[in-house]
Structures are given as structure tokens and as C-alpha cells.
1. Within region 110-146, track down each residue that is in a helix (DSSP H, G or I) and surrounded by fewer than 14 Cβ atoms within 10 Å (Cβ to Cβ).
2. If I ask for residues that are touching a Pro at 6+ places or on another chain (Cβ under 9 Å) and not hydroxyl-bearing (S, T, Y), which ones from region 205-221 would you list?
3. Are any of the residues in region 102-109 out of contact with any Lys or Arg (no Cβ under 8 Å at 6 or more places or on another chain), more than 23 Å from I197 (Cβ to Cβ) and touching a residue at least 24 places away in the same chain (Cβ under 8 Å)?
4. Residues in region 251-284 that are in contact (Cβ under 8 Å) with a residue 40 or more places away in the chain, more than 12 Å from the chain's Cα centre (by Cα) and part of a loop (DSSP other than H, G, I, E, B): how many?
5. Restricting attention to region 65-102, report how many residues are farther than 21 Å from G138 by Cβ and crowded, with 22+ Cβ neighbours inside 10 Å.
6. Looking only at region 204-225, count how many residues are surrounded by 14 or more Cβ atoms within 10 Å (Cβ to Cβ), within 16 Å of S162 (Cα to Cα) and not hydrophobic (A, V, I, L, M, F, W, C).
7. How many residues does region 187-224 contain that are in contact (Cβ under 8 Å) with a residue 24 or more places away in the chain, touching a strand residue (DSSP E or B) at 6+ places or on another chain (Cβ under 7 Å) and not hydroxyl-bearing (S, T, Y)?
8. Out of the residues in region 117-149 meeting the condition of being touching a helix residue (DSSP H, G or I) at 6+ places or on another chain (Cβ under 8 Å) and β-branched (V, I, T), tell me which one is farthest from D73 (Cα to Cα).
Amino acid sequence: MAACIGSLLQRSPLSRRNGRGTRWLGAVIGLTAFATPTALLANAADQLYERTLMVAADDRCHLFSPTISAALDASRAQARGATLRSGASQQQVTALEQRARAKAAGAGCNSKDLTLAASRVRKAFEGYSQLLSMTYPGDVSSWKAERSVSATIPVWRLSQPSSFGADRLMFGLAGRAKAVLAVSTFENGQRPYVARIILRDTKRTLGPYLDARSGKNLSGKIPPRNASLVFTAERREEAPLTLLPTGAKTGLAFRFPDAVAEAMSQLDPREAVTVEFAFAGRGEETTRKAYIEVGDFAAGRAFLR
């Protein structure tokens with residue numbers, strides 16, 4: 001089953017260029033539209049175009065059950081991340097998505113070609129839609145998504161671990177409400193009085209800040225402070241054992257506004273966000289910073305739906 005699902009995520013049946021229903025999708029985005037015309041980019045862009053088209057058609061024509069719709073949207077988000085990682089710019093991806101939505105808007109909901117394309121999507125994603133967990137690998141870190149949820153015990157629904165010095169962090173969405181949490185443990189027993197999430201402001205910037213010299217160091221994939229949004233934790237409390245980093249016995253849980261999740265979903269998968277902890281000092285605060293890779297956060301969030 002895992003191998004089958006992996007192949008579905010890598011290449012949709014819609015990518016096959018023979019038969020009715022696939023021709024309806026139109027010509028694949030030409031390689032000349034991209035600055036780096038590699039086979040990897042072409043394949044990722046192909047998948048993004050097709051899945052965006054079918055998501056848009058589903059929104060208008062109600063083609064799929066909620067579980068299939070969620071699976072398709074998660075796959076669309078993953079294809080979007082793969083397209084950006086392959087070398088396309090944000091502007092090129094946006095243009096591709098607009099073309100796909102325009103194509104879907106011109107299709108008749110009862111057309112034979114759309115009906116056939118929808119049946120292929122349904123068949124491809126019916127198994128994937130029943131999965132309870134998924135792992136989304138990134139360049140540096142991974143997101144783990146869990147659909148199952150407890151009515152009484154808080155558990156991580158979408159999470160990524162991080163270490164910063166001797167301190168450790170779990171970050172993501174937790175519980176039935178999918179609350180945005182940062183759960184931290186500090187080796188020296190210090191307790192920060194506040195935590196902040198700092199991420200790129202997509203409305204004030206044209207794209208991610210990526211230092212090619214940083215390699216896998218996430219600190220080289222964050223924006224300057226004057227190009228960032230800053231979210232301050234709304235609540236601080238003792239963390240439940242079920243949310244602590246592995247092996248930790250105590251820690252603090254900081255809850256952030258729900259808007260953080262939406263803001264992260266708009267970011268480039270190659271960039272990072274900063275989780276900053278502030279400690280009271282003599283005269284001024286001191287801070288410690290952890291970094292979270294954006295990766296396929298948007299895909300994991302869609303998977304939970």
C-alpha cells in the first residue's frame with residue numbers, strides 16, 4: 001500500500017497523455033515558461049497544473065466526496081512545493097495555477113471528458129484518502145501528519161521537531177482544534193516568559209530569502225526582521241506529557257493565533273520560520289531561537305482535512 005500511495009503522489013494517472021479525459025486537460029505547461037527547463041521541473045509543474053485544475057473543478061461541480069477532495073488538495077499542495085523546489089518562481093507557479101483554474105472554469109460539469117477525468121482521480125485517491133498518517137520529508141526536516149485524534153488526550157496532528165543547542169522543541173498543530181503550538185524544554189531549567197513566531201510577510205516581499213551558502217542550515221533561509229510578520233503567543237502553560245519532545249518529562253506549551261497556520265501555508269517550502277523564546281534579563285531580555293523548515297506544511301495541513 002505504501003509503495004502504491006507513493007507512486008500516486010509522484011505521478012497522477014492524469015499525467016498519462018492518452019485517452020479521453022486526459023486530452024481535455026489541455027497541453028502541459030511548456031518548458032519555455034520556466035527558467036530551468038529540467039525534467040524534474042516539467043513533471044512537478046505537470047502534476048501541479050492537473051491537480052489544481054481538478055481541485056478547481058471539484059469546488060465548482062462537487063465531483064468528489066469530502067475525503068477524496070481533501071486527499072486531492074493535499075496532493076496539489078505537495079505538487080506545488082515540488083514545483084517550487086524544482087526551480088520555478090512564485091510568480092511562475094501563480095501563473096500556472098491561474099491557467100489551471102481558468103481551464104476548469106470553462107469546462108461543463110456534466111461533460112464526458114470531465115466525468116472521465118474525475119473517475120480517474122477518484123480511483124487514484126480513494127486509498128490515499130483512507131490513510132491515517134503521512135510523513136512529508138523536507139530538505140532538512142520532516143512533517144508528520146496524524147488524522148486520528150483523541151477526545152481526551154492532546155496529541156500532535158502535524159508536527160516537526162527541532163533542537164537548538166541543548167534545548168528542544170516540538171512545533172505544529174495539536175488536538176481536535178488543531179491549535180498552533182510550540183512545546184519546548186530547556187536544559188538549564190530556565191523558563192521563557194514569552195514566545196514569538198517570525199516568518200516572511202508575503203504581502204511585502206516578492207519571494208523567499210534563501211542564502212545559497214547556508215546549505216542545510218535553516219538560519220540562512222529566514223527573512224530580515226523588517227520583512228517579517230511577528231506573532232506573539234497568546235497563552236503559556238505546562239505542556240501535557242503527550243506533546244513533549246521525546247524523552248522530556250516537563251516543558252512549556254505556547255499557543256499562537258490560528259492565523260500562523262494560514263501564514264505558513266503561503267510560504268515557499270524551501271524557507272524557514274523562527275520560533276523565538278524571550279527570557280527576562282537584567283535590564284533587557286535575552287532570546288533563544290529555533291528554526292522550523294516550512295517544507296510541506298501546507299500539504300500536511302490539507303491532509304488533516
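1. Quick first cut of region 110-146, residues in a helix (DSSP H, G or I) only: 112-125, 128-130.
K112, S119, K123, Q130 - these are the residues of region 110-146 that are in a helix (DSSP H, G or I) and surrounded by fewer than 14 Cβ atoms within 10 Å (Cβ to Cβ).
2. Narrowing region 205-221 to residues touching a Pro at 6+ places or on another chain (Cβ under 9 Å): 205, 208-209, 221.
Result: P208, K221.
3. Applying the first criterion (out of contact with any Lys or Arg (no Cβ under 8 Å at 6 or more places or on another chain)) to region 102-109 yields 102-103, 106-108.
Those still in the list that are more than 23 Å from I197 (Cβ to Cβ) too: 102-103, 106-108.
Remaining after also requiring touching a residue at least 24 places away in the same chain (Cβ under 8 Å): 103, 107.
Yes: region 102-109 contains one or more residues that are out of contact with any Lys or Arg (no Cβ under 8 Å at 6 or more places or on another chain), more than 23 Å from I197 (Cβ to Cβ) and touching a residue at least 24 places away in the same chain (Cβ under 8 Å).
4. Count: 4.
5. 2
6. Residues meeting the conditions: 2.
7. Adding up the residues that qualify gives 16.
8. V140
The values are calculated or read from the model by the stated rules, or taken from the named source; none is laboratory data. Note that the structure is predicted; figures quoted are calculated from it, not measured. All Cβ positions, glycine included, derive from the backbone under ideal geometry; neighbour counts span all protein chains shown.
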